[in-house]
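Report on the structure given below.
The values are calculated or read from the model by the stated rules, or taken from the named source; none is laboratory data. Remember, it's a predicted structure, so these values are computed and weren't measured experimentally. Please note: Cβ atoms are built from the backbone with ideal geometry, for glycine as well, and neighbour counts cover all protein chains shown. Areas reflect the complete protein model, heavy atoms only, side chains present, ligands, DNA and RNA absent. Shrake-Rupley method; radii C 1.70, N 1.55, O 1.52, S 1.80 Å.
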Amino acid sequence: SYQQVDNFHSLVNELAQQEQRPHAEIYDDLVNSALARRSTNSEQWADWQSLSPREQEVAALTCLGYTNNEIASKLGVSVPTVKTHIRHVLIKFQLHSKSELRMVLRDWNFRGWDRGPHM
């Protein structure tokens, strides 16, 4: 763990030199960025938890790049039903499009969701 701390300090020193800024500013920026990301992740998780199991499944498949037709076929539902679930997901995440949803959840791992139901 001491080696990790040393590596971190070396990276901060390197950034400070590259950006010609004080070390303290670099540390502050890194900590603030990490805290903001953590807060965003917590909000996203709360939004995810507010989804029904079917909405989660549709959202996951959407993030995996499935089309509405493919999702409908995979889940054995109609395309209008898929669109309704997507609309509910977007409302709960306060988003406007499936591409925004994919962007917001781009770091999430949905690989297991295309194997079968998660209800």
Find how much the distance from Gln94 to Gln20 grows on full extension, using 0.36 nm per residue of separation minus their present alpha carbon separation; answer in nm with one decimal.
22.8 nm
Just need the relative contact order of the chain here, percent rounded to a whole number, with Cα pairs under 8 Å and 6+ apart.
24
By how many degrees, 0 to 90 and rounded to 10, does the Cα axis of helix 2-19 deviate from the longest principal axis of the chain?
80
What shape does the range 46-119 take by its C-alpha gyration tensor, where a ≥ b ≥ c are the square roots of the eigenvalues and a/c under 1.5 counts as rounded, a/b above b/c as prolate, and the rest as oblate?
rounded
Calc'd 3J(HN,Hα), the range 60-73, phi into Karplus 6.51 cos²θ - 1.76 cosθ + 1.60 (θ = phi - 60°), Hz, glycine/Pro = x, comes to 4, 5, 4, 5, 7, x, 5, 7, 4, 4, 5, 5, 4, 5
Probe of 1.4 angstrom, ligands and nucleic acids ignored: what's the accessible area per residue over the range 1-103, in square angstrom?
66
Of Ser50, Val104, Ser1, which is farthest towards the positive pole of the chain's charge dipole, taken about the Cα centre with +1 and -1 on the beta-carbons of Lys, Arg and Asp, Glu respectively?
Ser50
Tell me the mean residue ellipticity at 222 nm calculated for the chain from its helices only (DSSP H runs of n ≥ 4, each -39500 (n - 2.57), averaged over every residue, nearest 500).
-23500 deg cm²/dmol
Report the charge-dipole magnitude of the chain in Debye, nearest 20, computed about the Cα centre from +1 at each Lys and Arg Cβ and -1 at each Asp and Glu Cβ.
780
I'd like the carbon and sulfur percentage of the solvent accessible area for the chain, probe radius 1.4 Å, heavy atoms only, ligands and nucleic acids excluded.
51
Potential extension, Gln3-Ala46 segment - 0.36 nm per residue separation minus Cα distance:
11.9 nm
With a 1.4 Å probe and all protein chains in place, put Arg106, Arg115 in order of accessible area, largest first.
Arg115, Arg106
Accessible surface, 1.4 Å probe, highest first, among residues Ser33, Ser97
Ser33, Ser97
Between Leu95, Pro80, His23, whose Cα lies farthest towards the positive end of the dipole of the chain when Lys and Arg beta carbons carry +1 and Asp and Glu beta carbons carry -1, centred on the Cα centre?
Pro80
